[in-house]
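A.B. asks: Have a look at the structure that comes next, please.
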Amino acid sequence: MSRQTACLRVIVIGIFFLCSSFLFAQRATLQLSGKISSTENEWLEFATVMFKGTNMGTTVNEKGEYRLEAPPGDYTLVVRSLGYKTVERELSLTKRQSLNIVMEAEANALEEVFVLGKSATQQVNESAFNVVAINAKAFHHTTLDLAHALDRISGARIREAGGVGSNTEFSLNGFSGRHVKFFLDGVPMEGFGSSFQINNIPVNLAERIEVYKGVVPVSFGADALGGAVNIVTGQQRRTFVDASYSYGSFNTHKSYINAGYTADNGFTLQLNVFQNYSDNDYWVYTPVLDLNTLVFSPDEKKVRRFHDTYHNETLIARVGVTGKRFADRLLIGITLGKDRADIQNSNIQKIVFGERYRKGETLMPSIQYVKKNLFTQGLDFNLTGNINLGYSQHVDTASRQYNWYGEYREINRKGEVNYSIAKYYNNNGSLTAGIHYKLNAQHSFSFNNVTTTFDRISKNTVAMTGSINATDTFPKITVKNVSGLAYKFDYATYGNVSFFGKHYIQYTKGPKNVSTATNSYRYELFSNTFSTTGYGAATTWYLLKDFQFKLSYEKTYRLPTANELFGNEDLEKSNAVLNPENSDNINVNISYNKLFGKHHSFFIDGGFMYRDIKDYIRRVVESMHNTAAYENHGHVRNVGYTGEIRYSYSRLLTVGGNFTYQNLRNKEKYRSPGSPVISTSYNSRVPNVPYLYGNADFSLFLTGIGRKSNTLNLGYNALYVYQFPLRWGTNGAYDSKDMIPVQFSHDVNLTYAIQDGRYSISLECRNLTDARLYDNFSLQKPGRSFSAKVRYFFSK
């Protein structure tokens, strides 16, 4: 441990001690509980209940129940729900009390609730963890997928290798790829298959998206190093239909149906179906190979992509019961999906293909069980499980070499790269169990355990390829288990503090290259078991009514994923001997959120992050063979800052922006262990990672256009990314040819919503100025594109 890291750890632990002492010294609280219903005797789920003039508030659950804790005293209870008259009740809290509220419908209550209501999204943002939660419903009228919705969050970046369905990497505060874990309603998405990933899932699937920047709650059971993203779908009891279709440039079609039915007896049926299709035939600039001389043109040519078609189709169905005495939710589900993507180029754009493609299928049964107040009041239990029995396949059979004009020459080998037609069955399983017990208003405990399995099986390799890959006969297995225990002390007026510990276990079995010669491979069977323990704490408190402070620290580990260990049997190569990453993470966050009168809302947020990482896993592109692999890099340190500012005026407009700066540096001083020679890349930026970027957006809402219940929304979004190096610098200097250039793109959209959003029509233009955009070196993204979307939504 470096002296700097040790000092920071002592400082953070000292601050946590002071915060804990402050919180424990406060007075005991009393509880107010009850139910919120309408005059039609319906539970008003998601109504907001709060004490006026305080930060003490909550939302109503699917049974109409709420529960608040506060010190003894006189309060005004305020209850709000969309479309209902606001209710205020004076009360004196001197003991544990129960109070039920009946609300009357009011058509004109919309504006007040929109401005003042405390939603589930706000409650997540106000937790002790450095988390940003966005209301995904704001994007439901757009053609965005989940990836592009995430791209608008401070600290987050989506890096694409091309158009629809291309390889996508999510970056959060300098950590990318598998450093950041993804969850769907708390379930790990690591093994969901290629037909169900963030770049092909429509944003309509989500109700809100939670982005944890650093410390991840025990409830996720994650081995994340750089944070986590939790996609929260609509789990409430209701009957609804949400259907949409869009068409856009490059012959892009997207359609989506989300429907649910809940009977009075609790029978529940949920269905999600979506598809994406695109030719991806946009123009790019690249050197072109002369097939006669086998020499690339000295200058870039403007050419159209000709072999990049992508499509995927996915169905998610769940059936079961909700709201029963034995289960709040018991659902059995199945996810079916398939996708196919033509492979236009390698990891370097000028290397082009004309017939290679990949495809895959997903077959994933699942189960979900949730029960609140199991056996006793305050004891909640959840269990989820799934197993993906699908496959992936990379097909490369053509004996041809192509150039960017679509021309080809015959070659004396099978395959444009390596002859392949074999199927690989990546059997991924996941089982999550969690228990949460709230002892009283102040003390609560949580335990969570997540087990994930991976077992790759190659089918008919010899029969279909006529040869055996050097690693095909070896098993490729990894099993991970992450368990966590947490304690939380909560004091509603001032804040809360949490302490937690995690235990990590990983078993790996697969091929290991034991050859010491360069570009030589000799494999032996390798197995290893890793086990260790991490720990951390998180706290938040309100220095003033609208001024919140957050602090978190974690000693965490990130276990290598199956793709990092075993590759993808194509351009991603295996490295089964990767070590887990470990890091000391510190996050500090300060935010100010103020409502002025009934119309003006102002928000400002600033954050500091510190990461000291050992055995950092990074993706390295090998230019000779145009392949990529993952490797450990000894020591990396990241110090970064984020900021966001936003202003809203009632339901008329909102404007805001955010920025991120991160200083991710190589701290491996010597060329090799024991060597006295200082590395030329010491203290250089870690390559191929953006370090300065930001967003700005503006939305204008014009109500009463055509009819009183209609709304016209005009929106603008800008994205800026400063240039960053592809390769290590030499003594702090970088070759200008190895720089990924500045990116500056502009998107505009227009949505006309009819009958309070039941029908809507949207028009969008992305990359308005037709700029050349590159998230990865030489891999150009689409130019200017247009799209239109129609949507129908019904709920009761």
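The values are calculated or read from the model by the stated rules, or taken from the named source; none is laboratory data. Since the model is a prediction, treat every value here as computed from it, not as a measurement. No Cβ is skipped: glycine too gets one built from the backbone with ideal geometry, and neighbour counts run over all protein chains shown. All accessible areas refer to the heavy atoms of the entire protein, side chains included, with ligands and DNA or RNA removed. Shrake-Rupley method; radii C 1.70, N 1.55, O 1.52, S 1.80 Å.
A.B. asks: With each label point set 7 Å from Cα along the Cα-Cβ vector, what nm distance links H635 and T516?
C.D. replies: My value for the distance between the label points is 2.7 nm.
A.B. asks: Take the solvent-accessible surface of the protein heavy atoms, probe 1.4 Å, and return the percent of it on the chain that carbon and sulfur atoms account for.
C.D. replies: Its accessible area is 56 percent carbon and sulfur atoms.
A.B. asks: Evaluate the relative contact order of the stretch 535-602 (contact order divided by residue number), counting alpha-carbon pairs under 8 angstrom at least 6 apart; express in whole percent.
C.D. replies: 33 percent
A.B. asks: To check you understand DSSP bridge types, tell me what percent of the beta bridges within the chain (both residues inside) are antiparallel, rounded to 5.
C.D. replies: 95 percent
A.B. asks: By how many nm would the segment from S531 to F240 grow when fully extended, if each residue of separation counts as 0.36 nm and the alpha-carbon distance is taken off?
C.D. replies: 100.1 nm
A.B. asks: Right, another one. What accessible area, in Å² to the nearest ten, does a 1.4 Å probe give for K667?
C.D. replies: 50 Å²
A.B. asks: Label the stretch 575-658 by shape, choosing from rounded, prolate and oblate, from the square roots a ≥ b ≥ c of the eigenvalues of the Cα gyration tensor; if a/c is under 1.5 it is rounded, and otherwise prolate applies when a/b is larger than b/c, oblate when it is not.
C.D. replies: prolate
A.B. asks: Over the chain, what relative contact order in percent results from Cα pairs under 8 Å that are six or more residues apart?
C.D. replies: This gives 10 percent for the chain.
A.B. asks: Accessible area per residue, 1.4 Å probe, Å², for the chain: what's the number?
C.D. replies: 43 Å²
A.B. asks: Could I ask something else about it? In what sequence, largest accessible area first, do F381, F724, F375, F698 appear using a 1.4 Å probe?
C.D. replies: I get F375, F698, F381, F724, largest accessible area first.
A.B. asks: Another one. As an exercise, use a Förster radius of 22 Å and the Cβ-Cβ distance of F445 and S33 to find the FRET efficiency, rounded to the nearest 0.05.
C.D. replies: The pair F445/S33 has a calculated efficiency of 0.60.
A.B. asks: Quick one: Kirkwood hydrodynamic radius for the stretch 184-320, alpha-carbon pairs, angstrom, one decimal?
C.D. replies: Its Kirkwood hydrodynamic radius stands at 18.6 Å.
A.B. asks: I need the shape label for the stretch 139-204. Rule: rounded when a/c is under 1.5, else prolate if a/b > b/c, else oblate, with a, b, c from the alpha carbon gyration tensor.
C.D. replies: Taking the square roots of the gyration eigenvalues as a ≥ b ≥ c, the stretch 139-204 is rounded.
A.B. asks: Stokes-Einstein at 37 °C, 0.692 mPa s, Kirkwood radius from Cα pairs: D for the stretch 188-234 in µm² s⁻¹?
C.D. replies: 277 µm²/s
A.B. asks: Next question. Could you pull the Rg and Dmax for the stretch 623-709, using just the Cα atoms, both in Å?
C.D. replies: Both quantities, over Cα of the stretch 623-709: 23.2, 77 Å.
A.B. asks: What FRET efficiency do you get for N135 and N412 if R0 is 60 Å and r is their Cβ-Cβ distance, rounded to the nearest 0.05?
C.D. replies: 0.55
A.B. asks: Going by alpha carbons, how many degrees (0 to 90, nearest 10) lie between the helix axis of 3-24 and the longest principal axis of the chain?
C.D. replies: 20 degrees
A.B. asks: May I pose another question? Return the FRET efficiency for the residue pair E90, I332: r is the Cβ-Cβ distance, R0 is 35 Å, and the value is rounded to the nearest 0.05.
C.D. replies: 0.15
A.B. asks: In terms of Cα to Cα distance under 21 Å, which lysines are near enough to K52, apart from those fewer than 8 places away along the same chain?
C.D. replies: Those lysines meeting the cut-off are K35, K85, K95, K118, K545, K594, K598.
A.B. asks: Which order do W283, W541 take by accessible area at a 1.4 Å probe, largest first?
C.D. replies: Ranked from most to least accessible, the order is W283, W541.
A.B. asks: So how long is each side of the chain along the principal axes, counting just the alpha-carbon atoms, biggest first, in Å?
C.D. replies: Taking the Cα atoms of the chain, the three principal extents are 87, 64, 49 Å.
A.B. asks: A further question on this structure: Between W283 and F602, what length in nm is gained on full extension when 0.36 nm per residue of separation is reduced by their alpha carbon distance?
C.D. replies: Full extension from W283 to F602 adds 110.6 nm.
A.B. asks: I need the Kirkwood Rh of the stretch 356-436: take the reciprocal of the average 1/r across all distinct C-alpha pairs and report it in angstrom.
C.D. replies: Evaluated on the stretch 356-436, it is 16.7 Å.
A.B. asks: Just to be sure I understand the model, the point goes 7 Å from the Cα along the line to the Cβ. What's the resulting Y437 to S672 distance in nm?
C.D. replies: 5.5 nm
A.B. asks: With label points built 7 Å along Cα→Cβ from the Cα atoms of R707 and Y722, find their separation and express it in nm.
C.D. replies: 5.1 nm
A.B. asks: Could you order the peptides 291-302, 422-433, 740-751 from most to least packed, using the average number of other C-beta atoms within 10 Å per residue?
C.D. replies: So the order, starting with the most tightly packed, is 422-433, 740-751, 291-302.
A.B. asks: Lysines near K423 by alpha-carbon distance under 23 Å, same-chain residues fewer than 8 away left out - which ones?
C.D. replies: The reachable lysines, counting only those whose Cα sits under 23 Å from K423, are K338, K359, K414, K459, K476, K509, K512, K573.
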